[in-house]
Structures are given as structure tokens and as C-alpha cells.
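*Asks:* Mind looking over this structure? Questions follow.
Any read-out appearing in this document is the output of simple, stated calculations on the displayed coordinates, not a laboratory observation. As the structure is a prediction and not an experimental result, all values here were calculated from the model. Please note: Cβ atoms are built from the backbone with ideal geometry, for glycine as well, and neighbour counts cover all protein chains shown.
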Amino acid sequence: MLADLPAQPADALLALIKLYAADERADKIDLGVGVYRTGQGETPVFGAIKGAEKKLYETQDSKAYLGPEGDMGFVEALKPHIFGTGFAAIDRIDGMQTPGGTGAVRLAVGLAKKAGITRVIMGTPSWPNHAQILKDLDLEVVTFNHAKDGAVDMNAVKAAIADAGATDAILLHGCCHNPTGIDYSNDDWDAIAALLADKGLLPILDLAYQGLGDGMEADAYGVRKVMATVPEALLAYSCDKNFGLYRDRVGAVYVMADKDQLPAIMSNGAALARANWSMPPDHGAAAVRLILEDEALTAQWLDELDQMRTRMRQVRDKLAAAGTAGGVDMVPYGTQNGLFAMLPLSSEQILALRNDHAIYMAGSGRINVAGLTMGNIDKFIDAVAAVSA
Ligand code: PMP
């Protein structure tokens, strides 16, 4: 029986990591997997996390089970950062901790399905795991074009909302769109929020990169606007990028609904968690909670996040300053957001970058902007020019 299982394709990005590791060229550049890197090419543990882990080591006196909702102190402490202080609907929002943003998406979509959603509308391209999770939950997927000519395709999202059915939900990236880096403007969010409310369409919002675009407040505009406008929403949140906790798997799912119904809804969330992973891993979320409960650690964390964002802006500015590189217009990368950008290159050109220039990127043309440094960016621009001329 088990022997009948067909082999699944290997994860392309993980395969790329192996190829990169085996490449002996000293000037190789890794633009594949989506983790932040410093100007020295490192992905260090945040100083604020180290501080919180020290506290945790000194004060944590038990590792007994917490429960399917995880660390509720963590879930609560994040709220003012996500929704802002004084968010009008805050008493209609409850949440629970999840294993990373992936667990949060899984739980949000699972809850939507349990509530009667049969189809999910989403922009493409998207983070590949969105489609995989939806497929795994047997939900129908309808796609629309996320971007066109380097800008969001507002007509496409408007048409998708207009065509939505009664048991549809729409999945939207809150900020720092993966893989395009192309985000809705505040005006776009205003329009989308109004259309969602008119249509009565349930939003599933995915906020995995808050603080990596224009800052914690600015990056939350869309999520806050939508959640201030519609009656019900689901929000999947990741702390794995903005606290640098990737492998510790730190996330949360938030539900906004009728206040009286929240306990029943969250009991469904807890039941889904129990059936999936029982309870989320504690360590990273406890560290985040300790940061957010401590003014000095919070300031340190925000400062470290600021440094990340500033570095990515510098890289983007430098790309934009190059103007065009061969056939690629670099200017739009300057105003896009977050870790990612898409290069309009063919698979032959992407292969030539790897073979001839030791530059590794996803087969889709997605690059991790944080893989570029002031030391390798000129080589990168020249190489793109060479393969795309
Ligand atoms: N959503 C999006 C859009 C993402 O890009 C990612 C990470 N690549 C996630 C969710 C999940 O993040 P994690 O599970 O690592 O917290």
C-alpha cells in the first residue's frame, strides 16, 4: 500500500540550497530562500531575542503543556502592534498561537472551510504554499492576476470580488507581497475594503512580513482598514521574519466576528489545532512575549527591525539607480516592498545566471533582495545585464 505512493517533486528552493552549497566559486550569490541577510550575508538571532531567551532561561520553571491555543500572553501582546492602539473592533477579535505563519494560514483556511466556505479567491503569483494548503483542504481555488506591468492589477482584484459567490473567501497578502514585492497602496486598500464590505465577502488576510516594508504601522494599513470595514475576517500572522525566528515556528491566527460568537468560533480553532498539531511549540512565542512585555527589549527589537528595513531599502535604491540592466527595468524595484522581487527572466536566462555567474534564484525569477549586499550588487546587476541583453 505505502509502496504505491508516487514520488512528489522535490521542493525547488530546497534543491537550490543544495546546489548553492556545492558551488565552489568564491563569489557565488544566494538569492533563493526567503530569509533576511545582513550586509555580511548572515541571518543572526536578534539581540532582543537573545535578551528574551536569557530571561526565559532564568525564569521559566516548567515546560508542562499549555493547551491548543498556546501562549495567550503572546497572542494578546501582539495585538496592539498588529491592530494599533485604540482599534475600534478590538473586542470583537480573538486569537490563538500557531506553528508559524504556515500553521496560521492552515488554521484560518480550516476555520473558513468549517464555517461553510467552499472556494477561495486568490491573486497569482502567490506564496506556493497557499495553493498547496487550499488543495490539501479540498477547497476550490479561483485566481486573479495580482500584478501587471510592475503594478498591482486593481481591475483584476475588483472583478474577482464582483464575481465572488456566497460561499467564497478571498486570500490577500497584508504587505510585502511574496513573490512580487508589489503591494496595494493605501487608496487601493480603501477601495478593496469597501468592495469586500459591499459584497459580504470573507477576507483571509496573510500578514507574514509586518515591519519589513515601510514599518510596523505603515505595513498594517491594509489589514487594519479591511478589519475596520468588514464584519468578519481571519488574519494569519507570522513572527518568523520580523523577529528572525524562522525555525522556531512562531505565528498566530486572529478571528474577528460577532463578540458573542467568538468563544464558539475559537473552540473550533482549538479543535482544529488539536487534530493538526495538538499545540504549538512554545519557545519562540514565549521569547516574543517577553520582548513585548518589556519596554527596553521592545525598543531594541524595533530598532533591529528598522535596521533590516533600512538595509533592504538601500539595496532597492541601488537596484533602481542602475536604471536598466540589459532587458530588465530595475527602477520599479526601488518602490516595491519587503524581501522579494520578480525578475522577468526566462528559465534559460536564470540558468545562465547560475552557470555563468554563480547567481542562484528561484526558477520563477523571484529573488531575495536581502541576498544582495553592497559587495555583490554590482556583480549582480552586470550579470543580469549580460544574460538579458
Ligand atoms: N505567508 C506568506 C506570504 C509567506 O511568504 C510565508 C513564509 N514564506 C508564510 C506565510 C509562512 O511563514 P512561516 O510559516 O515561516 O512563519
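*Asks:* Scan segment 10-28 for residues that are closer than 28 Å to GLN132 by Cβ and not in a helix (DSSP H, G or I) and jot them down.
*Replies:* Scanning segment 10-28 gives ALA10, ASP11.
*Asks:* Which of (1) without any contact (Cβ under 8 Å) to a residue 40 or more places away in the chain; (2) over 20 Å from the mean Cα position of the chain (by Cα) does ASP168 not meet, given it meets every other one?
*Replies:* If we test ASP168 against (1) without any contact (Cβ under 8 Å) to a residue 40 or more places away in the chain; (2) over 20 Å from the mean Cα position of the chain (by Cα), just (1) comes out false.
*Asks:* Still on this structure: Output the number of residues of segment 46-98 satisfying the condition of being touching a helix residue (DSSP H, G or I) at 6+ places or on another chain (Cβ under 8 Å), among the charged types (D, E, K, R) and assigned to a helix (DSSP H, G or I).
*Replies:* The total comes to 5.
*Asks:* Next question. Can you go through VAL142, VAL105 and tell me which one is within 15 Å of the ligand (Cβ to nearest atom), under 18 Å from LEU172 (Cβ atoms) and touching a residue at least 24 places away in the same chain (Cβ under 8 Å)?
*Replies:* Only one candidate passes the filter, namely VAL105.
*Asks:* What is the number of the single condition among (1) buried (at least 16 other Cβ atoms within 10 Å of the Cβ); (2) on the phi > 0 side of the Ramachandran plot that VAL75 does not meet?
*Replies:* Of (1) buried (at least 16 other Cβ atoms within 10 Å of the Cβ); (2) on the phi > 0 side of the Ramachandran plot, only one is false for VAL75: (2).
*Asks:* Still on this structure, I have one more. Determine which member of the set ARG311, ARG354 is closer than 26 Å to LEU16 by Cβ, touching a Ser or Thr at 6+ places or on another chain (Cβ under 8 Å) and among the charged types (D, E, K, R).
*Replies:* Of ARG311, ARG354, the one residue that is closer than 26 Å to LEU16 by Cβ, touching a Ser or Thr at 6+ places or on another chain (Cβ under 8 Å) and among the charged types (D, E, K, R) is ARG311.
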